[in-house]
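Student: One structure, pasted below without further comment.
The numbers here are math on the coordinates, done by the rules we state, and not lab data. As the structure is a computational prediction, the values presented were derived from the model and not from experiment. Glycine gets a Cβ as well: all are built from the backbone with ideal geometry, and neighbour counts include every protein chain shown.
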Amino acid sequence: MNIYISGSMAYDRIMDFPGRFSDHILPDKIHILNVCFTVNGLREKFGGTAGNVAYSLGLLNEKPVILATIGKDYVNYFEWLRKNNISHEGIKIIDDEFTAGAYITTDKADNQITGFNPGAMKYQAEYRLPKTNPEKSIVLIAPGNLQDMKDYAKECRSKATPYICDPGQSLTQWDKDSLIEWIDGAMMLITNDYELEMVMKMTGMNKKELLRLTKTIITTLGEKGSLICTSDSDIKISSAKAGDVVDPTGAGDAFRAGLLKGIAMGKSLETSAKIGTVAATYAIEKYGTQEHHYTYEEFNERYRNNFGEM
C-alpha cells in the first residue's frame with residue numbers, strides 16, 4: 001500500500017524544566033500571565049509531524065511519501081532521510097525561509113509548553129496524489145500547512161482515496177464549517193482526549209454526531225492506552241509496557257505510524273491500534289522524536305510480549 005503523510009517538517013528544540021509549571025502560574029492572575037522558565041539546556045532534533053511519522057514507518061519497513069515543505073536549511077534533514085531510506089520526492093524546498101521550528105519545554109509532570117515558528121510551512125507542498133488505484137493508497141493529513149490540509153482532503157474525496165484526519169495542534173486555526181467539511185468523508189479522525197473535546201466544542205457536535213461524518217474515531221489516552229469508537233462499538237486498547245520513560249514528545253506520531261502500518265498490512269483496527277501502541281513505547285524511551293531504533297524482529301517480539309501474536 002502507498003502511504004502518504006501530509007504534515008510538517010521541522011527542527012525540534014527540546015528543553016526540560018526541572019520543576020512544575022503549575023508551581024509558577026497563579027490561577028487568579030492567568031489573564032496577565034508573565035512567566036519565565038529557566039530550563040536545563042536545549043537539544044536540537046529532527047521533527048515535524050510528517051517527518052516523525054515517516055521515520056517510525058521506515059523502522060516498520062514501509063516507504064512513505066512525505067508531502068510537506070522545508071526551508072533553506074534542509075541539507076541535514078535530507079541527509080537524515082536518505083540515511084533512513086525515506087524519500088524526499090514529495091518535499092518542496094522554500095529557498096527564502098527557514099524550516100519550521102518547534103520550541104518544546106517539558107516539566108517534571110510531563111506537561112508541555114510549545115512555541116512554533118512555521119517558516120517554510122507557510123507555503124503549500126503542491127504535490128498531487130495519483131489518480132489510479134486509490135484503494136491501494138492511504139493519506140494521513142497531520143498538522144501542517146492549513147491550506148494543504150484542506151486541499152488534500154478534497155483531493156482524497158474526489159479520487160476516492162482513503163484519508164485520516166489528524167488535526168492536533170492545528171485546531172486553533174480552524175473555523176467550525178471548515179473543520180466539519182474536512183472531517184466529512186474521512187475514514188478516521190484521530191486525536192488525543194483533549195483535542196477531541198476541542199473538536200466537539202468547535203463543531204458543536206458530540207461523538208455520535210461526528211461518527212456520521214467519519215467511520216471511526218480513535219482517541220489516544222496516554223498511559224491509559226487508546227479508544228476506538230465506531231457507530232457499532234467502542235474498543236479499549238490497553239497501553240504497552242515501555243522501559244524508562246524519558247520524553248513523551250513524539251509518542252503520538254509513533255502511534256500513528258504503527259496504526260498506518262497495521263492498516264497497510266490489512267489488519268483490523270484493533271490490531272492496528274495495538275501496533276501503534278507498541279510503536280509509541282519506543283518513542284518515549286528516547287529524548288527526541290526520531291531517536292528511537294529497533295529492528296522489525298525486535299518490534300514483533302515486544303508486540304507479542306504485550307498482546308500475543310499479531
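Student: Report for the stretch 1-143 the percent antiparallel among DSSP-assigned beta bridges with both residues inside it, nearest 5.
Tutor: 40 percent
Student: Based on the Kirkwood radius over alpha-carbon pairs, what is the Stokes-Einstein translational diffusion coefficient of the chain at 20 °C with 1.002 mPa s viscosity, in µm²/s?
Tutor: 108 µm²/s
Student: Give me the lysines in straight-line cross-link reach of Lys267: C-alpha distance below 24 Å, same-chain residues under 8 apart excluded.
Tutor: Counting by Cα, and skipping residues close in sequence, Lys267 has these lysines nearby: Lys63, Lys136, Lys159, Lys215, Lys224, Lys236, Lys241.
Student: What distance in nm lies between label points placed 7 Å from Cα along the C-beta direction at Phe78 and Cys36?
Tutor: 4.0 nm
Student: With only alpha-carbon pairs counted, each pair once and no self-pairs, how large is the Kirkwood hydrodynamic radius of the stretch 174-310 in angstroms?
Tutor: 15.6 Å
Student: Could you work out the equivalent-ellipsoid semi-axes for the stretch 14-155, taking the square root of 5 times each eigenvalue of the Cα gyration tensor, largest first, in whole Å?
Tutor: 34, 18, 16
Student: Would you list Val35, Val53, Val65, Val139 from fewest to most Cβ contacts within 10 Å? Present the calculation step by step, with values, prior to reporting the outcome.
Tutor: Numbers: Val35 10, Val53 31, Val65 21, Val139 27.
So the residues, fewest neighbours to most, are Val35, Val65, Val139, Val53.
Student: Continuing with the same structure: Label-point separation (nm) for Phe116 and Ile25, each offset 7 Å from Cα along Cα-to-Cβ?
Tutor: Going by the 7 Å Cα→Cβ label model, 1.8 nm.
Student: When DSSP assigns beta bridges and you keep just the ones with both residues in the chain, what percent turn out antiparallel, to the nearest 5?
Tutor: So the antiparallel bridges amount to about 40 percent of the total.
Student: Here's another thing I want to ask about it. Could you quote the convex hull projected area for the stretch 105-185, Cα atoms only and averaged over all directions, in nm²?
Tutor: For the Cα atoms of the stretch 105-185, the hull's average projected area reads 6.8 nm².
Student: In the stretch 197-265, what GluC sites (Glu not before Pro) fall in a loop by DSSP, with at most 12 other Cβ atoms inside 10 Å?
Tutor: Listed in order of number, the matching sites amount to none.
Student: Another question, if that's okay. For the stretch 112-179, what does the relative contact order come out to in percent, with C-alpha contacts under 8 Å and a separation of six or more?
Tutor: 33 percent
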